[in-house]
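Okay, structure first, notes after.
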2 protein chains.
Amino acid sequence: MNTPIIPGKNTPAWIIGHLAAVNDNMATLLELGPKLKPEYEKAFIRPDGTVQPPALSEILKYWNDSNAYVNEKMEALSTADWFGKHTAVSAEDFAKEPHRNKLNVLISRTNHLSHHLGQLVWTAKK
Amino acid sequence: MNTPIIPGKNTPAWIIGHLAAVNDNMATLLELGPKLKPEYEKAFIRPDGTVQPPALSEILKYWNDSNAYVNEKMEALSTADWFGKHTAVSAEDFAKEPHRNKLNVLISRTNHLSHHLGQLVWTAKK
């Protein structure tokens, strides 16, 4: 898990941490609540060298926790909520581009997840 | 393009042919029209050894043609069409599971595309 699938590319452990941090970002984008681990943004979303990724066990815990967290919170959203704006778009822009809603964030993050799962399967099947 | 990204796995050329054949399958699933190349199903969807993948130039043409074809045909679908059943679900099952609509097929195929794009980026960036 700590060896890149392709030499020089990200390790499976890092990819899982990245997906967990993207889950965590949805907490803010979809107004679900505070992030579980805001400090990991600098390890897994915008790595600037100041925060090192934690151990694999912690990464796997973060992945499980972040999934449980956003899943639970998303269940409380109504249909109207899903068609409401996400937090990274202004009210003015949303009026002009009403497709920039919470559902759109979820679909785009699901595609992002698929993108990386396509890479992780090559680890699992080796 | 004819060398696997990971030894023993599919080549980039084959993955692109596979994505083109999945586009082509949507023609039938979404009632857009006949498939462009039904004969490639045995090369790229259910490979049984009886049909060999064509040359790379033909694969790239199939990819471009299949995208243009389904995009053009999908533009003619109405909102009601998108929420109507796809062709691989029976009327009885659709009555019980109305989420098995054409839009669901499009979202799932978009995720499938992301899955393989996550692999192809590792070719492009090598």
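Readers should treat all values here as calculations from the given coordinates under stated rules, not as data from a laboratory. Bear in mind that the values here come from a model prediction, so they are computed numbers and not experimental data. Neighbour counts are summed over all protein chains in view; Cβ atoms, including those assigned to glycine, are modelled from backbone coordinates with ideal geometry.
Computed quantities for the displayed model
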| read-out | value |
| --- | --- |
| Value of [θ]222 nm, deg cm²/dmol, for the protein assembly as shown, DSSP H segments ≥ 4, -39500 (n - 2.57) each, nearest 500 | -18500 deg cm²/dmol |
| Quotient of Cα Rg and 2.2 N^0.38 Å for the stretch B:36-101, N being how many residues it contains | 1.49 |
| Cα long-axis angle, helix A:56-74 against chain A (0 to 90 degrees, to the nearest 10) | 20 degrees |
| Rounded, prolate or oblate (a/c below 1.5 giving rounded, otherwise prolate when a/b exceeds b/c) for the protein assembly as shown by Cα gyration tensor | oblate |
| Where labels lie 7 Å past Cα in the beta-carbon direction, separation of B:Ala76 and A:Asn71 in nm | 4.2 nm |
| On Cα atoms only, tilt of A:102-124 relative to the major axis of chain A in degrees | 10 degrees |
| Angle in degrees between helix B:12-29 and the longest Cα principal axis of chain B, rounded to the nearest 10 | 20 degrees |
| Three principal axis lengths of the stretch A:1-112 [C-alpha, angstrom, descending] | 45, 26, 24 |
| Pairs from A:Lys102/B:Lys102; A:Lys102/B:Lys9; B:Lys37/B:Lys85; B:Lys35/B:Lys102; B:Lys37/B:Lys96 whose Cα-Cα separation, in the structure shown, is over 26 Å | A:Lys102/B:Lys9; B:Lys37/B:Lys96 |
| Mean Cβ count within 10 Å, highest first, over the residues of peptides B:74-83, A:19-28, B:100-109, A:80-89 | A:19-28, B:100-109, A:80-89, B:74-83 |
